[in-house]
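Chemist: Mind looking over this structure? Questions follow.
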Amino acid sequence: MAKIDVSTIEGYEKMTAEQKVAALEAFETPAPDYSGYVKKDVFDKTASDLAEWKKKHNALLSEEERNKQANEEELNNLRKKVEEMEKDKLVSGHKAQFLALGYDEALADETAKAMANGDTATVFANQKKFLESHDKAYKAQLMGQTPTPPAGSPANGGTDYKKLIEDARARGDVSAEAYYIRLNEQEKHTDC
């Protein structure tokens, strides 16, 4: 904050404290002199001159430079379209692969988009959903194909589990093989 020059107050040194307070309260600071600063009209004139020069510059641009700028804008637009098309192609390719694996349409589409966008959390979550539904359907299919074993042993006209185990092994059906081994073991223990 600026200090008051008390030398401009007449008789300040000889005044009492009350008189000094009264003199300071009545003191008016002179208005600042801005004559050395740029005035608004000078600023406005400079701004208008600058705008005029810019218009002249743009008018002086050759036809070649304008064509060059237009070509650059068109090239940037084409690049953006190509990037979008490449991304769509990538999503379509991923979707086709997921459908080939057995994904349903909606899950394949969602997973393909997530993979193209780098969203691995969604990809893994959808993989988990697929595996759970696939395993459930596969187990149901196996249970539907497994015949109900008849009561009794092979000697009494029952099921020959050894033959069923060998057939399952030959087909490479590990689940059925394990099932028949278990039934065979159960039958041995119940015959005892």
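Chemist: As an exercise, identify the GluC sites (Glu not before Pro) in the stretch 1-105 lying in DSSP coil whose Cβ has no more than 15 other Cβ atoms within 10 Å.
Modeler: Working: sites: GLU10, GLU13, GLU18, GLU25, GLU28, GLU52, GLU63, GLU64, GLU65, GLU72, GLU73, GLU74, GLU83, GLU84, GLU86, GLU105; in loops: GLU10, GLU28.
Counting only loop positions with at most 15 other Cβ atoms within 10 Å, the GluC sites (Glu not before Pro) in the stretch 1-105 are GLU10, GLU28.
Chemist: So if each residue of separation counts as 0.36 nm, and I subtract the Cα-Cα distance between VAL21 and PHE43, what length gain in nm does that give? Present the calculation step by step, with values, prior to reporting the outcome.
Modeler: On the way: separation 22, 0.36 × 22 = 7.92 nm, distance 4.30 nm.
Result for the pair: 3.6 nm of gain on full extension.
Chemist: Can you tell me which aspartates and glutamates have their Cα less than 19 Å from the Cα of LYS162? Leave out same-chain residues fewer than eight positions away.
Modeler: By straight Cα distance, LYS162 reaches ASP173, GLU177, GLU185, GLU187, ASP191.
Chemist: From a point 7 Å beyond the Cα of ASN58 in the direction of its Cβ, which residues of the stretch 66-98 have a backbone N at a distance under 15 Å?
Modeler: In the stretch 66-98, the label zone of ASN58 (backbone N under 15 Å from the point 7 Å along Cα→Cβ) covers 66-67, 69-70.
Chemist: From the Cα gyration tensor of the chain, with a ≥ b ≥ c the square roots of its eigenvalues, which class applies: rounded if a/c is under 1.5, or else prolate if a/b is larger than b/c, or else oblate? Spell out each step's value before the answer.
Modeler: Working: a/c = 10.73, a/b = 2.54, b/c = 4.22.
Verdict is oblate for the chain.
Chemist: Using 0.36 nm per residue of separation minus the Cα-Cα distance, give me the extension gain between THR146 and ASP88 in nm, one decimal.
Modeler: Values: separation 58, 0.36 × 58 = 20.88 nm, distance 4.43 nm.
Extra length available between THR146 and ASP88 comes to 16.4 nm.
Chemist: For a test of the definition: using alpha carbon positions, the gyration tensor, and the 1.5 limit on a/c, classify the stretch 70-139 as rounded, prolate or oblate.
Modeler: Details: a/c = 5.97, a/b = 3.15, b/c = 1.90.
Note, shape of the stretch 70-139 comes out prolate.
A short reminder: the numbers here are calculations on the coordinates, not readings from a lab. A quick note: this is a predicted structure, and the numbers were derived from the prediction, not measured. Heads up, the Cβs are rebuilt from the backbone with ideal geometry, glycines too, and the neighbour counts pull from every protein chain shown.
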